[in-house]
1. Report the FRET efficiency, 1/(1 + (r/R0)^6), for residue 858 and residue 910, where r is their Cβ-Cβ distance and R0 is 22 Å, rounded to 0.05.
2. What whole-number value in cubic angstrom gives the convex hull volume per residue for the C-alpha atoms of the stretch 273-396?
3. Working from the alpha-carbon coordinates of the stretch 28-145, get Rg over Rh, Rh being the Kirkwood radius.
4. With Kirkwood's inverse mean 1/r over C-alpha pairs for Rh, give me the Rg to Rh ratio of the stretch 948-1059, two decimals please.
5. Amide H of residue 418: which non-local residues (sequence gap of 5 or more, or other chain) have their own amide H closer than 5 Å, using H built in the peptide plane?
6. Which ³J(HN,Hα) values in Hz, rounded to whole numbers, follow from the phi angles of the stretch 303-318 under the Karplus curve 6.51 cos²θ - 1.76 cosθ + 1.60, where θ = phi - 60° and Gly and Pro get x?
7. Between residue 372 and residue 402, how high is the FRET efficiency from 1/(1 + (r/R0)^6) when r is the Cβ-Cβ distance and R₀ = 22 Å? Nearest 0.05.
8. Can you compute the modelled spin-label distance between residue 1028 and residue 454, with each label point 7 Å from Cα toward Cβ, in nm?
Amino acid sequence: MDPKKQISDQSDPSSERPIIPVNKVQNSNIEYSITVKTGDFRNSGTNGPVYINIFGRDNKQTQDLLLSGHDKSFSQGCTRKFRINAIDIGKPQRIIIRHEDNLTGWYIDYIEISVHNFLVRFVANRWLSRLKNDQKLEAELFGSEQPAVMYNVEIQTGDEQIEPLDSPVYMQVYGTTTATPKLFFDTKNASFTKDSISKFTIASNNVGEIQRIVIGHEGLGKVNDWYLKNIKVQMLSQQQEYGINKWLSPTLGDQRLFVELSQEKPRSPSPPAPSIYLITIRTADVPQTETTDNVEMIVRGSDGQIAKILLKDYAKLNDKQLFQQGNLDEFEIEYEDIGNIESITIGFSDSKQKVAWLLEDVDIKYQETAYRFQAQCWLSSRLGPNFSWMTIKPDINDDDINYNVIIETGESGIDANVILCIFGDENTTTNLALRTTKDGSDAKFDANSILEFDLKAIDVGKIKKINIGHDGGEGTDQHWFLKSIQIEKKDEHYTFTANRWLSTDKDDKKTFIDLLADEKKTPPLSPVPKKDQATYTITVVTSSEEDAGTKSGVLMTIFGDKDSTKQFQLTNTKQDDKALFESGKTNEFEMELDDVGSINKINIGLDGTGVHPTWHLKSVQIQKGSENYNFSAKKILNESTPFIDLTPTPARKTPSPEPVKPEKARSHTSEQKIPPIKETAYKILICTSSEQKDIINEDANFYITIYGQKDQTKKLYLKHAIISDKKNLFKKDDKTEFEFKTIDVGKISKIALGQDDSENELVWHVDNVTIKRTNETITFNAEQTIGRNSEIELLPSAIPKKTEITYKILIRTGTSQEEGNDSNLYLIIYGKNGQTKKILLNETTKTNKDSSVKKNDKVEYEFKINDVGKIAKIVLSQNPNEQTLSWDIDNITIKRNNETTTFNVERKIEKDDEVELTPSPILKKTETPRKASKTVDTTSKLVAKTKDADYEIIISTGEQALEATVTLKIRGENGTVRIPLTQTKNGDTPFQSKSTNEFTCRTTDVGKIRRVIIEHDGTDKNMVWHLKTMQIKKGNETYNFKADIHLDYKENKANLYPVGALFGHQREDYVQSELRRLRESLRSESSKLRPPLHKAYEPFVYNDLSPYFDTSAVEKAIYSPLEPPPGYYTRLTALRIVEPWETYGMDYGVNYEILKQRKARSFSSRRAKNVTQRGMMIVPPMSLPFGGQITHINTAEFERALQERSRSSKHRSLSRHNNNNNSHQQQIQIIKINT
């Protein structure tokens, strides 16, 4: 068997692709915290929209969840976090994520979901693009709570290969706990050539013990014939090798593009032939607008299952077009006996929602047993991705009930396919085909006809709504006037009144609609008094923003002091508008509903239908008799927030007590209801900065929004303005005036500048903005950049005068400076009036161009740039991606006009460092020389005395603990302090699972805390620390930090800001982007490391790289305190690190004193003082191998023994192994034993 696209959940076979019928509706939703990491590759971002569907066990799933927020874009290298309420599906097992941006691709690193006490990561490392990988915009990912691992793959192409394969190659790994997604091997150079070996390293889920892999290619290149010879896969300590020696080709060999390889079932030249399952699928004999041949199926038996397979790969006739009208398609599958067949799942994926397939039935014959699965159901993803799949049991399903359906057609009928779906409070039916009436005749929906149907489907409970329509789309003359539908199930009767057109040319041009049941149902047994009715005139205003409208249905409920209405849908307007809820439109509805008294609130929202269910609602007005109610919304409704409650301003009566005449109540235009809007002219002068490089044409989608005390304008696109000079539009160091005439917003409070979707990655450097209107002139200092799908907000501020001055930079190097050419040292100067751009000193004027950098030398640079005023601080950094010298700097002096500012550095500037310095006097040579700093600090120490403060730090750890040293850097308005979090207040071991630790420290007072940086030095690649919350108390000030983050080996630090206001702090986007770039560079470098080949275990043969660089245990033994604190300690084994005889001595206590002597000697050596806190601590053992106890160590005897050991060091190994008895007697002399 060669299953293709086999993506079943390995931990639970029942959690397959969502099936029909769907599960019972859950009444309570929970919050999901979803983190999405976009890859840091060129053009790797997307503008969405992005949807995610989460699957749990027992076929539970959420609906498609729209990931949106204040910043909707998923830009390159960004990490977006969302909090969404959805149905509780338990622990997430797998997800389907997709986006709908066909123009650009999107590279996903991973998705992380936190719910209940689970944190599940879904590693992707792939493109969702029409041009890359499998050219799909959606992917199915599998989750794991364990950290990602590296897969080292070696693929050998055979000598039979003629031309290099250029089709995307992928691999999928299945294990005992989970599975990886498709792992695509991206190659820069030509790979998979004749008799070549290609090596790849890629990160993905830890699947546990590898059970099988699938390798293949997509067949999307010019050369799709590939002779695969063998493949090796290594993950952690597992290494597997498979010999294939076959063609993966659409024309050669067995004409398949993939192969499944199993460890349990090694390949053999002549494997025994399994039994054959003969599958016959019947497609209904009705016209179908668009079909697909990518139908997949799962077969479940009492003793196993046939996992998801692509049926066309097993067709008996390869040249036949599959699943067409009236087809009877046959397939043969070779597989082992799975016992009695209990159910099948069949369907397809269709993100474009174009395919509709009417499945009649499925027959499966195995040996002498035949099974029939009755379907008679339309499979289509029009209502959601789960509606294109269904699960069927053989023969009659006892869970199904009878539905009696009566459909009344009005003045015009159709001859297209009619489809019905019933939604209840417990379940939902499949898409039911209405093609055979109760008397057995073919259904014909003629004009003024009434047809009756008997349908069998799952019991949905109390019916909430139905969806009905036909497939007579564009280009057809199908106009159906549907009057009503009646449904009877058991003793329940429902009536759905439509009285509308289902046509692409009439009304709202929809061919499918949702209908709610009428309030009048089966007459009750006892008479109930009829409620008073009232006429409501409802005016709904949609925002004028672009894409503010919606194609979804709008539902509303009105609440009053007497009663509330049932939920009703806003469908037919008073003016019979064809288009509802379009951008900038006003729609008016008149409804006869229960009289609720004085209205105190309404609930309004979307029913979730349509391709993109998002709506920007501006306001709602309701007139009931002489009462008028206004509801201001200005909200965006989407799948994460489908409904909102609105409260009105106090109800006001009209001056006239007389009844309102019908003519006056029915105002047909918004101008009659809304007073004229006062407009004014705005002249907007925008200055482009000197940093502008991109050439921007006049059609760019840049816009401005003006906010005032009274109102705000819509997005004013600059390309639609009256432009003073189009020749100098968006040019460097130039100004352009734009003129708009729009609403008067009152006194201007702020503006927003931004850029919407654009085909090009345009960046506009805005220097300042000036707005003039009537007698008011307001200036805004910007000095910011506007990229694609970004927006900046500006408050009124003075525009500083910019004058260029000369800066002279004098750098004094230290004693450890390497000699060579200039390295790529970057400088940013911060002053009272702003900051400079990032300056590469190599590109400025150097006083002595010919000389190289030397130790104890002076290097001087000179450049002209805008004056930033009195210098407050500087930032030094290097580019980690360039191979350059490391700077060792004593101090830096900057001359600006008559001002000289000095900075004490006294440290090395490494490739990945970014050092922030504040002014301080230079130390004289007679003063205390600099010492090697025990900690790495990003700020220079101020010489001036500052007051101290007591810090109390409380940290809560989640499920996952940490065994490493944690350092906290606190940044405040007066500077930065660094606090190592090593000793808790009560002496407990810090950062244990579900623990709360308290630390105290007295150090420099930084003033009001702006942010903190927390990091650890853990080197265990499988370590993950769940940091939940942090609180800092300083005097009378308390700062709370809600972290809820996970730090691992690669991402070992995080920036945290106080909960609530950020005290005016603007996040350092540049710093964050640089950190992301550094992290990706480190990942790229680490991926080049290759572990040794896996070998069978024997002494001194290692299967990973840990013994070669993990020296933490030895360093701990050498540098640990002479007198260890009281308590019990566990020593990690030293077998991998030192010789066996040294380990023996360490085990039995003799070498403990020797290690102390080594420690004393080590102080004279030049070793780094920053020692890791991981590893082992050596203490005298509590017992000896023969049951004795150590009570005293004879130090004099020990010194004598030490001298003898030194004289006989050459024979130490021999004496240790051959004279065990003498060695033991020597121990007895040194150590007093209490037996």
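The values are calculated or read from the model by the stated rules, or taken from the named source; none is laboratory data. All values reported here derive from a predicted model rather than from experimental measurement. Backbone-built Cβ (ideal geometry, glycine too); neighbour counts: all protein chains shown. Just so you know, the surface numbers come from the protein's heavy atoms only, side chains and all, with ligands and any DNA or RNA stripped out. Shrake-Rupley method; radii C 1.70, N 1.55, O 1.52, S 1.80 Å.
1. It comes to 0.50.
2. Convex hull of Cα atoms, per residue: 106 Å³.
3. Rg/Rh: 0.95.
4. Expressed as Rg/Rh, it is 0.94.
5. Those qualifying (amide H under 5 Å, at least 5 residues apart or on another chain) are 434.
6. So the Karplus estimates, Gly and Pro as x, are 10, x, 8, 8, 5, 4, 10, 8, 4, 5, 6, 10, 5, 5, 10, 6 Hz.
7. 0.60
8. The modelled label-to-label distance comes out at 6.0 nm.
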